[in-house]
Amino acid sequence: MTKDEILNELEKVGHPAINYSLIKLGIVTDVEFKDNKVSVVFAFPFPNIPVAGMLVNSIEQPVKSLGLDLEYKIRVMNEEEKMRFLQLEAEAWKG
């Protein structure tokens with residue numbers, strides 16, 4: 001298993017309300033792979049977003065299906081990341 005193979009799987013995980021992957025949206029960042037463990041940083045546009053747990057679970061499922069463990073941290077996006085996220089959200093909102 002390589003980091004690229006893991007990224008290919010994670011790239012398929014979409015946001016429930018936005019027609020883009022969590023990676024493209026900048027929510028999933030800093031993916032590392034070592035010793036059967038995938039470490040991911042989730043960057044959310046705002047603190048305490050209601051779908052945070054669901055988004056973490058949506059990444060955890062493919063990681064576990066690869067026989068790996070997920071380790072993660074959560075942080076809030078900086079202004080530049082947030083502006084990019086909001087622009088992508090406006091482009092691809094499913095609502």
How big is the chain in terms of Cα radius of gyration and Dmax, in angstroms? 13.0, 40
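If you stretched the chain out fully between LYS37 and ASN8, how much longer would it get, using 0.36 nm times the residue separation minus the C-alpha to C-alpha distance? Present the calculation step by step, with values, prior to reporting the outcome.
On the way: separation 29, 0.36 × 29 = 10.44 nm, distance 1.61 nm.
Taking LYS37 through ASN8 to full extension adds about 8.8 nm, to one decimal.
Pairs of alpha-carbon atoms within less than 8 angstrom and 6+ residues apart define the contacts here; what relative contact order does the chain have, in percent?
Relative contact order of the chain: 32 percent.
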GluC sites (Glu not before Pro), restricted to segment 1-64: which are DSSP loop and have at most 15 other Cβ atoms within 10 Å? GLU11
Nearest-20 debye value, the chain charge dipole, Cβ charges on Lys, Arg, Asp, Glu: 200
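Bear in mind these aren't lab numbers, they're just calculated from the coordinates by the rules spelled out. All values reported here derive from a predicted model rather than from experimental measurement. All Cβ positions, glycine included, derive from the backbone under ideal geometry; neighbour counts span all protein chains shown.
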